[in-house]
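Reading through the structure tokens given below for one structure.
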Amino acid sequence: MTEADKPGQKQDRGRLCIDGEECKGCGLCIEACPPRVIAMSEPLNHYGYRTAIYAGAGCTGCGVCFMACPEPGAITVYRLVNAPGPGARSAQVAVEEASACAGS
Amino acid sequence: MPTESAGEYAPVQSRARSFYGRYERKEDLEHQTHFCPGCGHGIVHKMIARAIDDLGVQDRTIMVGPVGCGVFTYYYFDVGNVQAAHGRAPAVATAIKRSRPESIVIGYQGDGDLSAIGAAEILHAANRGENITVVFVNNAIYSMTGGQAAPTTLVGMKSTTTPNGRNAATEGYPLHVCELLSTLQAPAYIERVGLGDNKQIWQAARAIRRALANQVHGLGFSLIEVLSPCPTIWKMTPVEAQRWVRGVMENEFRLGVFCDRTNERAVSADLRPVTPDPALDDLPRILGVARERLPGSEAQAFTPGREIDLEVRIAGFGGQGVLLLGEVLAEAGLDAGLEVSWLPSYGPEMRSGTSNCHVRLSRHAIDSPLVASPVVLVAMNEPSLRKFDRSVRSGGWVIYNGREFPADCARDGLNVLARPFTELADELGEKRAANMVMLGALLEITGVLPQASIDHALARLVKNPRWVELDQRALARGRELYQGSREG
Amino acid sequence: MRRQLMKGNEAIIKSAILAGCRAFYGYPITPASEIAEAAAEFMPKTGGVYVQAESEVAAVNMLYGAASAGVRAMTASSGPGISLMQEGISYMAGAELPCVIADITRAGPGLGNIGAEQADYHQVVKGGGHGNYRTLVLAPNSVQEMADLTALAFELADRYRNPVFILADGFIGQMMEPVEFPETATPTQLPEWAVAGTAASRGNLISSLELDFDKLEKHILALEAKYRIACHRETRAEEWMTADAEIVLVGYGIVARILKAVTAEARAAGIKVGVLRPITLYPFPVAQFQRLALSAQVFAVVEMSTGQLIEDVKLALNGLRPVQFLSRVGGNVPSHNEVLALVRELARRAPAAPAREEERVANAY
């Protein structure tokens, strides 16, 4: 559980999961990430690649890293949904927003 | 203000359903692609898979894979997969789509595959307006074979086959596929996109989705060219390669929409008639081979018991009706219950120069349809006579279209009927009927066929009633000529 | 009820459609163009597809696509076009796709001319494409056989999932003879391996690519095993007056018709001659040759090429009997009298000393 998940604190709008065995460490997601919350790991993975890792906080759930990544399933992007209050939105709305934002 | 209760996280970007979860067709490393780190192919694959998901066409989709780095589309896409020969994906896709119009057919090609060896196939698939979607990944190089020059290689760019850089004077200029294809009238949608930065990437995803949607809506041929990084062969880091797409490739290959006829097509696609396939039982009738369709003329019982083995050679100039004369003879023979064969000389002779055919009529199965030694030679001019007169069997006949039979062609045992048949036909009102006057003489001389069979044959082969009437008079005139020659 | 007078090339298409063929992809070439013309007329009327491709290369790859989608499909061409199609034929054999290809042979090499020849034997029977594969080859010698063997070709193509050739010459394609067709049409079926754009076929793959050496070897050996089964089951030949023949004439296509005429005349003169006509050129009717070698003294191959069929005849006989040779090429046909002269000469020598092999190319001496 990250800091952001703790009750009573402001939750990040997004969250990122990177599969360290599928990632080849090309770094395109690091270059692409608008809030700069992805970095390269120091340790090598099972196949000898340094891989992208999520900094653990600050993801906006925009999905840009996913689109920049050449591997089909190395990155999964989550978005905060059903949060009470003005930030609430469905997953579908969230992804459409993200597309519109990055493509504009 | 932050709220007290936590919201939930839902995946908004994840592996597309149209990808396999594990790549079991790969030899090993089934959890990742075979592409090099930073390769644009994977990014394009994801855009296609997402578009298939979004349009809900996974079950209907057939991916036609290329030769090159994109060859293993079937490792990844959980759709129907057909792997094509180098450059031929548009031809393969054409046939799949034509025979399975409900399927969604995607051609995936690289720049060597599409713009070099497959240049003809993509041009003509586009020009036919095939309702397929082509994704063209352009990285300006042959990557899988190790970095040879492609038609899309930039001027000055080094490759293993342009070691000093592409020289426009000897190797020409980069081929602009979108610009070329957009001169055609048939394509529905052609756009070039890039993978040079976030903005380009999202535009590329939209374009690919649109190209696929066009097919789903039946709008016609769509092609998306994607400027794509190849860090390995370009000898750059993935990030450098991405920047090179944006900073260098894009200058040579302008991004944008080159052709968009989707609005006009959206109307016409709805108006296209749908004709159901004919019933199986109807096929013989449609093909004209249903047996009941044929006139049920019984074998004509004429001169029963008489041995018939008529071997005829008919020769003349193209346009004199040589082949038709033979055809009427053979058709009438068949009508009369005989075995028949008709064999033409074919080729350029059909269009000009000499023409001849072999016709055999027999009570028995015909061994050779080639008439080496005819019983009757119908020679419609002197060159044809001189070509074949020596081959006529002793005791046989020459029906010659000429007032005088050349003396040096005459020999013992050769029967001759020489008349100016063309002039005689002209007197009947049509000199082109000379062939039928000569056929009339042949029928009278040989006596092997009843008039009813000739009538049937003419009815079947000559569609214009005026000509049937004329041909009948011509045949009668020919018969008279032979009778007259006997009396004379 | 009676037969119809029809060109061989037209009979091919009508028979194909009745046999369930629903796609034709072709490119015009003399003397095969009537096949494409008939397809253009009848395919759309019968629920099929006709496309005139931009080249024979495209045509054969369209065939690959149609076959992948589980459709009975065919094309037709002649020597130069068949040369271009070899790429796709190899791919189809490798991917185990059925199709029917009619080669209405013309004279080569190069542009040659449009006269009839049988010089495509090697590129069709031995395979002109790359890799370890074979095509099944049927050689009609009449218009009726053009129809019958086309229907058989589709059956064999599906049975063995392999390209099947109709190898005919310009004469067989261009001539008209009486022909009759089946009264009912064969229903189309969707093979379970096809990629048809359906949920059921989604997991299917058509490919000739196999990176793993051992797996590719296994695949090639599986193809070979398939061809061996075809050799056992599908060999066809016609024998005519061979029961007591001392001289066996060998030829296919139009040549076989001439051989029959010669045999009839020679038999009338008391010469014991017969005809062995391979109907399948691959698989080759080896057993028939070996059986006739027990009774016949000499074999004479007559062909419209400078010696292609004769190689298979010699392999089949394996030295059991001498093989004579008569050939005409360039668009010429061995004449009745040329063949008859050969038969008479062989009869004069037999049975005393027929052992010496001679090859004669007419007009060559």
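The values are calculated or read from the model by the stated rules, or taken from the named source; none is laboratory data. All of these numbers come straight from a predicted model, not from anything done at the bench. Don't worry about glycine lacking a Cβ; one is built from the backbone with ideal geometry, like all the others, and counts go over all protein chains shown. With ligands, DNA and RNA removed, areas are computed over all heavy atoms of the protein, side chains included. Shrake-Rupley method; radii C 1.70, N 1.55, O 1.52, S 1.80 Å.
List of remarks:
- Of the residues making up segment C:170-221, those that are of a type in the set (A, V, I, L, M) and buried (at least 21 other Cβ atoms within 10 Å of the Cβ) are C:ILE172, C:MET175, C:MET176, C:VAL179, C:ALA185, C:ALA194, C:VAL195, C:ALA196, C:ILE206.
- Filtered residue count, segment C:39-56, keeping only those that are more than 7 Å from chain B (Cβ to nearest Cβ), in contact (Cβ under 8 Å) with a residue 24 or more places away in the chain and open to solvent by 10 Å² or more (accessible area, probe 1.4 Å): 4
- In segment B:277-301, the residues that are facing chain C (nearest Cβ under 7 Å) form Cβ pairs under 8 Å with partners that are at pLDDT 50 or above and exposed (fewer than 14 other Cβ atoms within 10 Å of the Cβ), at six or more places apart or across chains, as follows: B:LEU280/C:THR184; B:LEU280/C:PRO187; B:PRO284/C:GLU183; B:PRO284/C:THR184; B:ARG291/C:GLU183.
- Test: residue in segment B:344-355 that is open to solvent by 10 Å² or more (accessible area, probe 1.4 Å) and either over 18 Å from B:ALA315 (Cβ atoms) or in contact with a Leu (Cβ under 6 Å, 6 or more places away or on another chain) (or both): no
- Number of the exception - A:CYS17 against (1) more than 8 Å from chain B (Cβ to nearest Cβ); (2) at pLDDT below 85: (2)
- Filter pass, C:ILE258 being in contact with a His (Cβ under 8 Å, 6 or more places away or on another chain) and either charged (D, E, K, R) or closer than 22 Å to C:VAL124 by Cβ (or both): yes
- Highlighted here are the helices (runs of 4 or more DSSP H) found entirely within segment B:386-488 that include at least 3 residues which are open to solvent by 50 Å² or more (accessible area, probe 1.4 Å): B:421-428, B:451-461, B:465-487.
- Those helices (runs of 4 or more DSSP H) lying entirely in segment B:139-237 with at least 1 residues of a type in the set (S, T, N, Q) and crowded, with 22+ Cβ neighbours inside 10 Å: B:198-216
- A:TYR47 at pLDDT below 95, open to solvent by 20 Å² or more (accessible area, probe 1.4 Å) and among the aromatic types (Phe, Trp, Tyr): yes
- Condition check for A:ARG36: more than 8 Å from chain B (Cβ to nearest Cβ), loosely packed, with under 14 Cβ neighbours inside 10 Å and either in contact with a Ser or Thr (Cβ under 7 Å, 6 or more places away or on another chain) or farther than 16 Å from B:THR237 by Cα (or both): yes
- Matching entry among C:ALA194, C:ALA153, C:ALA200, C:ALA185 (being of a type outside the set (S, T, N, Q) and more than 13 Å from chain B (Cβ to nearest Cβ)): C:ALA153
- Residues in segment C:276-309 that are open to solvent by 10 Å² or more (accessible area, probe 1.4 Å), on the phi < 0 side of the Ramachandran plot and either out of contact with any helix residue (DSSP H, G or I) (no Cβ under 6 Å at 6 or more places or on another chain) or assigned by TED's automatic domain parsing to the domain that holds C:VAL124 (or both): 9 in all.
- Residues in segment C:321-351 that are more than 14 Å from every other protein chain (Cβ to nearest Cβ) and part of a loop (DSSP other than H, G, I, E, B): 5 in all.
- Hey, B:THR152 free of Cβ contacts under 8 Å to residues at least 24 places away in the same chain and either acidic (Asp, Glu) or closer than 20 Å to B:ALA116 by Cα (or both) or not: no
- Annotation note: Cβ proximity below 6 Å between a residue of segment A:57-76 that is touching a residue at least 60 places away in the same chain (Cβ under 8 Å) and a residue that is outside any strand (DSSP E or B) (sequence gap 6+ or interchain) occurs for A:THR76/B:SER14.
- Selection status of C:ILE114, under 22 Å from C:SER208 (Cα atoms), in contact with a helix residue (DSSP H, G or I) (Cβ under 8 Å, 6 or more places away or on another chain) and of a type in the set (A, V, I, L, M, F, W, C): no
- Of the candidates C:VAL143, C:VAL124, C:VAL100, the single residue that is of a type in the set (A, V, I, L, M) and over 11 Å from the mean Cα position of the chain (by Cα) is C:VAL143.
- Selection over segment C:162-201 of residues that are closer than 29 Å to B:ALA279 by Cβ and outside any strand (DSSP E or B) gives a count of 22.
- Every pair of residues 6+ apart whose Cβ atoms lie under 6 Å, when the first sits in segment B:310-336 and is more than 13 Å from every other protein chain (Cβ to nearest Cβ) while the second is open to solvent by 10 Å² or more (accessible area, probe 1.4 Å) and among the aromatic types (Phe, Trp, Tyr): B:ARG313/B:PHE388; B:ALA315/B:PHE388
- Within segment B:47-57, the set of residues being touching a residue at least 60 places away in the same chain (Cβ under 8 Å) and either away from chain C (no Cβ under 14 Å) or more than 13 Å from B:TYR76 (Cβ to Cβ) (or both) comprises B:MET47, B:ILE48, B:ARG50, B:ALA51, B:ASP54, B:LEU55, B:VAL57.
- Annotation note: of B:LYS158, B:LYS97, the sole residue that is in the same structural domain as B:ILE48 (by TED's automatic domain parsing), farther than 27 Å from B:PRO229 by Cβ and of a type outside the set (S, T, N, Q) is B:LYS97.
- Any pair with Cβ under 8 angstrom, 6 or more apart, that starts in segment C:264-286 at a residue that is farther than 15 Å from C:GLU239 by Cα and ends at one that is open to solvent by less than 30 Å² (accessible area, probe 1.4 Å) and part of a helix (DSSP H, G or I): C:GLU265/C:LEU340; C:ALA266/C:LEU340; C:ALA266/C:VAL343; C:ILE271/C:VAL343; C:TYR282/C:VAL125; C:PRO283/C:TYR227; C:PRO283/C:ALA230
- If you go through segment C:115-125 and keep only what is open to solvent by 30 Å² or more (accessible area, probe 1.4 Å) and in contact (Cβ under 8 Å) with a residue 60 or more places away in the chain, you end up with C:ALA119, C:HIS122.
- Only listed residue being more than 8 Å from chain A (Cβ to nearest Cβ), open to solvent by 10 Å² or more (accessible area, probe 1.4 Å), among the hydroxyl-bearing types (Ser, Thr, Tyr) and without any contact (Cβ under 8 Å) to a residue 60 or more places away in the chain, chosen from B:TYR20, B:TYR9: B:TYR20
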